[in-house]
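Only one structure is covered here, and it is reproduced in the block below.
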Amino acid sequence: MFEQAEQDDDVAARMDAELPGGFEPLSPREQAEAAAEIYMPISAGGGALLYNLVRAVRPATVVEFGMSFGISTLYLAAAVRDNGAGRVVTTELSKDKIAAARRTFAETGLDDVITVLEGDARETLRELDGPADLVLLDGWKDLCLPVLRLLEPQLRPGTLVVADDVELSNLQPYLDYVRDPENGYHNVTFPVEDGMEISCRL
């Protein structure tokens with residue numbers, strides 16, 4: 001899957017040519033449909049970090065915003081499986097990506113610990129039944145803060161929230177929020193690829 005993801009830049013360039021106005025004016029669903037062939041994966045180093053965090057924290061419920069083709073989901077689910085307990089609840093807008101990811105989850109034997117919520121995470125995660133014990137925010141960057149705010153009532157002290165791609169400018173409102181001590185997080189930026197912000201709910 002990482003090898004296939006190496007074509008992302010070429011696919012994205014083709015998409016940009018087909019969308020003269022770019023992705024920004026599009027709604028989240030339109031963006032998801034336009035990017036249906038783009039993997040947008042975490043790095044292998046980021047995946048290893050997520051695996052270790054899940055093994056250490058032993059969360060009952062991992063929540064992921066932005067599954068794409070499911071590379072990060074596989075790391076999370078493998079750690080949950082190796083812990084012997086837990087589940088991964090992940091979200092995705094693209095029907096094509098969901099279908100492809102479901103096939104991959106079945107092939108890897110991890111499908112029984114993964115629940116895929118299809119649709120806008122700002123709606124589907126409202127129905128989360130119970131606390132989120134570890135959160136990965138890796139969907140559209142401008143939606144990371146709204147999704148976090150939605151989940152905050154479900155975050156207990158000690159919950160880890162991980163956001164990918166700290167170097168992207170449209171993640172800045174999220175970073176400003178979690179890095180403000182008044183909002184109740186303690187943070188560290190982990191230097192993998194484009195950076196991961198790890199925030200502990202206080």
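Nothing in this text is a laboratory measurement; each read-out follows from the coordinates by a stated rule. Only a predicted model underlies this, so the values are computations on that prediction, with no experimental measurement involved. Positions of Cβ are backbone-derived with ideal geometry, glycine not excepted, and every protein chain shown enters the neighbour counts.
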Q.
Net charge within 10 Å of residue 178 by Cβ-Cβ distance, Lys/Arg positive one each and Asp/Glu negative one each, not counting residue 178 itself?
A. -1
**Q.** Theoretical FRET efficiency, 1/(1+(r/R0)^6), r = Cβ-Cβ of residue 186 and residue 55, R0 22 Å, to 0.05
**A.** 0.55
Q) Is the shape of the range 44-201 rounded, prolate or oblate, going by the alpha carbon gyration tensor and its root eigenvalues a ≥ b ≥ c, with a/c under 1.5 for rounded and a/b larger than b/c for prolate? A) rounded
Q: Consider a paramagnetic label point 7 Å from the Cα of residue 27 along Cα→Cβ; state which residues of the range 112-129 have an amide N under 12 Å from it.
A: 120
Q: Give, in nm to one decimal, the length gained when the segment between residue 111 and residue 200 is fully stretched (0.36 nm per residue of separation minus the Cα-Cα distance).
A: 29.2 nm
Q | Signed unit charges on C-beta, dipole axis of the range 44-201, positive-most listed residue 79, 68, 91 | A | 79
(Q) If each residue of separation counts as 0.36 nm, what is the full-extension length gain between residue 179 and residue 82 once their alpha-carbon separation is subtracted? (A) 31.7 nm
